[in-house]
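**Student:** If you scroll down you'll find the structure; I have some questions about it.
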Amino acid sequence: QVQLVESGGGLVQAGGSLRLSCEASGTITSFTVMGWYRQAPGKQRELAATTTGGAGTNYGDSVKGRFTISRDGTKNTVYLQMNSLKPEDTAVYYCRALGVIGAFWGQGTQVTVSS
């Protein structure tokens with residue numbers, strides 16, 4: 001059993017920054033890919049960023065140049081540094097981890113950007 005616990009969401013003004021964290025606990029395993037997806041009201045869940053560790057990163061078009069994903073493999077933790085936030089970044093952000101034992105989702109953390 002794997003649990004993903006997200007933290008760091010909140011309310012911020014446009015142009016501000018937030019840092020999301022996601023820590024995996026439970027069954028000790030290595031994840032091939034860890035990342036963040038987001039879902040705005042009335043919209044489909046979409047990619048924010050994923051990482052395989054090291055230089056293996058992938059970003060959604062709408063966040064490129066503003067968001068940075070990083071990972072601490074020793075802690076099975078992934079971070080999302082979000083800068084220059086826009087009202088359209090408002091969404092629930094979900095952590096996802098993929099490994100040989102399966103794919104797992106966190107419960108989500110709300111990010112609200114006010115104009």
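**Student:** Can you sort 88, 23, 46 by 1.4 Å-probe accessible area, starting with the largest?
**Tutor:** Details: 88 125, 23 100, 46 80 Å².
Result, largest first: 88, 23, 46.
**Student:** For 61, 89, give the ranking by accessible area with the largest first, probe 1.4 Å.
**Tutor:** Values: 61 130, 89 0 Å².
Ranking 61, 89 by accessible area, largest first, yields 61, 89.
**Student:** Taking each pair of distinct Cα atoms in the chain once, what is the resulting Kirkwood hydrodynamic radius in Å?
**Tutor:** It is 14.0 Å.
**Student:** At 1.4 Å probe size, put 45, 96, 19 in order of accessible surface, largest to smallest.
**Tutor:** 19, 45, 96
The values are calculated or read from the model by the stated rules, or taken from the named source; none is laboratory data. In this text the structure is predicted, and so the values were computed from the model without any measurement. Surface accessibility is based on the protein's heavy atoms, side chains included, excluding ligands, DNA and RNA. Shrake-Rupley method; radii C 1.70, N 1.55, O 1.52, S 1.80 Å.
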